[in-house]
Amino acid sequence: MHTLFDHIERDFNGSSNHNENSYDYYNRSARKDITIIRDLLEKWFSSYPENEKFELKKRFQKDFDPAFYELFLYSLFKKLDFEVVIHPDLPSTDKKPDFLIKKDELEVYIEAKVVNDKSANQQAFERKINELYDHLDKIICPGFLLQIDTLNVKTARQPSAKKIIDHIQTEISKFHPDKITEEITKYGFEAIPEIEYENNDIHIIVKPMPVIESAREIEDKRAIGMFPFETFWGGSADALKSSINNKAKRYGNLDKPFIVCMNMLASKGSMDWDSKTAVWGSQSISWSSNPQDRDLKPSYALDGVFLTSKGPRLKNLSGVFVSRVFPSNIPNPEHSFFEHPFTENKFDFSKIELSAQFAKEGKIQTRKGKSLTEIFQIPENWLE
């Protein structure tokens, strides 16, 4: 019988490395919260069809997030009393969607996708930086945590971590945490000294941040305490819109209703705002000049996935399910269905029993459904 995780003794209670494969960390961690999550995923996996388990586990090991989302959806629809067929055959193509869900007379094709707002090049760059962070975390700096104030990678080469570590190690040994604490008390945080390193590949500035005396003897302490601040404009609506478009067009016209399920793991923006913008169109708000009655009215431009200025589109699509679910927030993630008002494969979304947004009489309305806490019977504070 296949299991998702190994049956091993676990004694590691630390955090994952910056570049660590998520599956490897979940498999080795002995932390209470990770153990609770791992046990739930193992329970879900035990209910997965036996002939599909080997392939799903391989995908968990290679790319955790998409595999987790498919197992989450499979378990969700099973909890909603659907029969779930994995990779069903289609009448007009050899391509196979992720699921076909069935209940009574209702049959719906389901396609799952994880949405990330980073390009392939950005993800590759992030892995390079994370590898550097994993090395810097090993710096021995008793009495301090490192604040990475500036990080500028100049080339495509992986920076030499050894040279950076040796330099920081040498410089930080010249400082004492009590002395820097005194300077901060007198002159503020601007008094914290900088340790700078630069070569043809990288420019980095770190600051030694003193920690309280009781925390100075902690073993296995990671060196990095603060990372560079990241700022950005805009959200993830464009990435979500592009993913919906690609998935909706993948199978052409279908003989049954079709839903694409999108899990937004993007770091930018708001799931509620970005999902509505992607589906219904760019949002704006108008109001009256009357201070006694502002009469706020939201409106949507004709640039959503369902409707543009050229008319309805993606009419083979019945709707979109958007969520922001991680292993840690399974009972209470943001989520909602969006019903396609112009679909050629319409069905009664209330039969899925989850919250949904729909267009009626020129307005976007919401129908409340069951919460995931209720469906999975997991309390919101389940990891405490």
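Quick notes
- The residues of the chain expose on average 55 square angstrom of accessible surface per residue, using a 1.4 Å probe on protein heavy atoms.
- Evaluated at q = 0.20, 0.33 Å⁻¹: base-10 log I(q)/I(0), Debye formula over Cα of segment 144-183: -0.77, -1.19
- Remark: the Thr35-Thr150 segment gains 37.8 nm on full extension, using 0.36 nm per residue and subtracting the alpha carbon distance.
- Too-long pairs where the Cα-Cα distance tops 31 Å, listed order kept, from Lys113/Lys351; Lys62/Lys310; Lys62/Lys103; Lys207/Lys241: Lys62/Lys310; Lys62/Lys103; Lys207/Lys241
- Gaussian network model of the chain, Cα within-10 Å springs - most flexible of Ser160, Ser236, Ser328: Ser160
- Measuring between alpha carbons in the structure, the pairs from Lys58/Lys154; Lys346/Lys368; Lys32/Lys53; Lys53/Lys368 lying more than 24 angstrom apart are Lys58/Lys154; Lys32/Lys53; Lys53/Lys368.
- Of Thr35, Met1, Asn19, farthest towards positive along the dipole that unit charges on Lys, Arg, Asp, Glu beta carbons give segment 1-44: Thr35
- Per-residue ³J(HN,Hα) for segment 4-18, Karplus 6.51 cos²θ - 1.76 cosθ + 1.60, θ = phi - 60°, Hz, x for Gly and Pro: 6, 10, 7, 8, 9, 7, 10, 9, 8, 10, x, 7, 6, 6, 4
- Fraction of accessible area attributable to carbon and sulfur, the chain (%, probe 1.4 Å): 48 percent
- Basic side chains Lys and Arg get +1 at the Cβ, acidic Asp and Glu get -1 at the Cβ, and with that the dipole of segment 290-384 about its Cα centre reaches some 420 debye.
- Among Ile110, Leu136, Phe68 the positive-end extreme of the charge dipole of segment 60-142 (Cβ point charges): Leu136
- Here the dipole of the chain is about 1160 debye; that uses its Cα centre as origin and unit charges on the Cβ of Lys and Arg (positive) and Asp and Glu (negative).
- Distance between modelled label sites at Asp104 and Glu50, nm, 7 Å Cα→Cβ extension: 3.3 nm
- Annotation for segment 132-201: GluC sites (Glu not before Pro) lying in DSSP loop with at most 15 further Cβ atoms inside 10 Å of their Cβ are Glu194.
- In a DSSP loop and with at most 15 other Cβ atoms within 10 Å, the trypsin sites (Lys or Arg not before Pro) in segment 4-92 are Arg10.
- Under 15 Å from the Cα of Lys95 - aspartates and glutamates, other chains or at least 8 residues apart: Glu111, Asp255
- Option label - Kirkwood radius over Cα pairs in Å computed here, alternatives [x] 21.2; [y] 24.3; [z] 21.8: [y]
- Among the helices of the chain, those built from whole DSSP H runs whose Cα atoms reach 20 Å or more along their own axis and whose mean Kyte-Doolittle hydropathy is at least -1.0 are 32-46, 64-79.
- Estimated [θ] at 222 nm from DSSP helical runs (n ≥ 4, -39500 (n - 2.57)) normalised by residues in the chain, nearest 500: -9500 deg cm²/dmol
- Taking the charge dipole of the chain about its Cα centre, with +1 at Lys and Arg Cβ atoms and -1 at Asp and Glu Cβ atoms, the residue from Gly311, Ala359, Thr170 reaching farthest to the positive side is Gly311.
- Loop-resident GluC sites (Glu not before Pro) (DSSP state other than H, G, I, E or B) in segment 66-149 with no more than 11 further Cβ atoms inside 10 Å of their Cβ: Glu105.
- Cα-based shape type of segment 43-101, given that a ≥ b ≥ c are square roots of the gyration tensor eigenvalues and the cut on a/c is 1.5: oblate
The values are calculated or read from the model by the stated rules, or taken from the named source; none is laboratory data. All values derive from a computational prediction rather than experimental measurement. Cβ sites come from the backbone with ideal geometry, for glycine too, and all protein chains shown count toward neighbours. Accessible surface areas use protein heavy atoms only, side chains included; no ligands, DNA or RNA. Shrake-Rupley method; radii C 1.70, N 1.55, O 1.52, S 1.80 Å.
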